[in-house]
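Visitor: Okay, here's the structure, questions in a sec.
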Amino acid sequence: MVAVGHSATSTDIVTQLQDELCHVTSLLYNFIGTTQRDAAPSSIKDEGPVQAGCAPAPPIDLMAEQLTGALAALGKVIAALPSTLSSEEQQILEITGLQHANVMASQELQASLERAQVVLTESYASHSSLAETLLQDVEGAAQPALL
């Protein structure tokens, strides 16, 4: 996991946020399941709790400590999220810049694709020429010389 700090990119922070949320939900899922499993049985009719032996109490203090730690880590990641308090004009400028970068990258990729297609066509032509030459050499060697 990337440490939260000034050098972390927005993508890293979002990934950390997803990881921390996943960790918290996993803890909650497991703790609720443990609590339900270890809870004393109860009667459906209002007869009071059923006495079916003494089930060991779930380690609530340990669960609370782990959940508190996970929530504190989640809070740190949330605090590291970039602010969205920029004006609408700044957001539009940023969007325009991203669109321009996208167009430039698309043009560069298109040029690379065209260069690769030219190289591929040349490779096919070279292969065909070489294969034809080799075939002619093999055919010439296989024919007996006429005197």
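Visitor: Please arrange Ile44, Ile13, Ile78 by accessible surface area, largest first, computed with a 1.4 Å probe and ligands excluded.
Guide: Ile44, Ile78, Ile13
Visitor: Quick one: what are the phi-derived ³J(HN,Hα) couplings along the stretch 65-70, Karplus 6.51/-1.76/1.60 with θ = phi - 60°, whole Hz, x for glycine and proline?
Guide: 5, 5, 5, 4, x, 5
Visitor: Quick one: with all protein chains in place, what share of the accessible area of the stretch 84-142 is carbon or sulfur, to the nearest percent (1.4 Å probe)?
Guide: That share works out to 61 percent.
Visitor: Ignoring ligands, DNA and RNA, what accessible area per residue does the stretch 84-142 give at 1.4 Å, in Å²?
Guide: Accessible area per residue, the stretch 84-142: 90 Å².
Visitor: For a test of the definition: using alpha carbon positions, the gyration tensor, and the 1.5 limit on a/c, classify the stretch 61-147 as rounded, prolate or oblate.
Guide: Here the stretch 61-147 falls in the oblate category.
Visitor: Could you please report the charge total around Met63, scoring K, R as +1 and D, E as -1 over all other residues with beta-carbon less than 15 angstrom from its beta-carbon?
Guide: Result for the neighbourhood of Met63: -2.
Visitor: Could you go through the stretch 21-34 in sequence order and give the Karplus-derived ³J(HN,Hα) for each residue, using 6.51 cos²θ - 1.76 cosθ + 1.60 with θ = phi - 60°, rounded to whole Hz, and x for Gly and Pro?
Guide: With the stated coefficients, the stretch 21-34 comes to 5, 4, 5, 5, 5, 5, 4, 4, 4, 5, 5, 5, x, 5 Hz.
The values are calculated or read from the model by the stated rules, or taken from the named source; none is laboratory data. Every value quoted in this text rests on a predicted model; they were computed, and no experiment measured them. Here the Cβ is made from the backbone with ideal geometry for all residues, glycine too, and neighbour counts use every protein chain on show. Quick note on the areas: whole protein, heavy atoms, side chains included, nothing else; ligands and nucleic acids left out. Shrake-Rupley method; radii C 1.70, N 1.55, O 1.52, S 1.80 Å.
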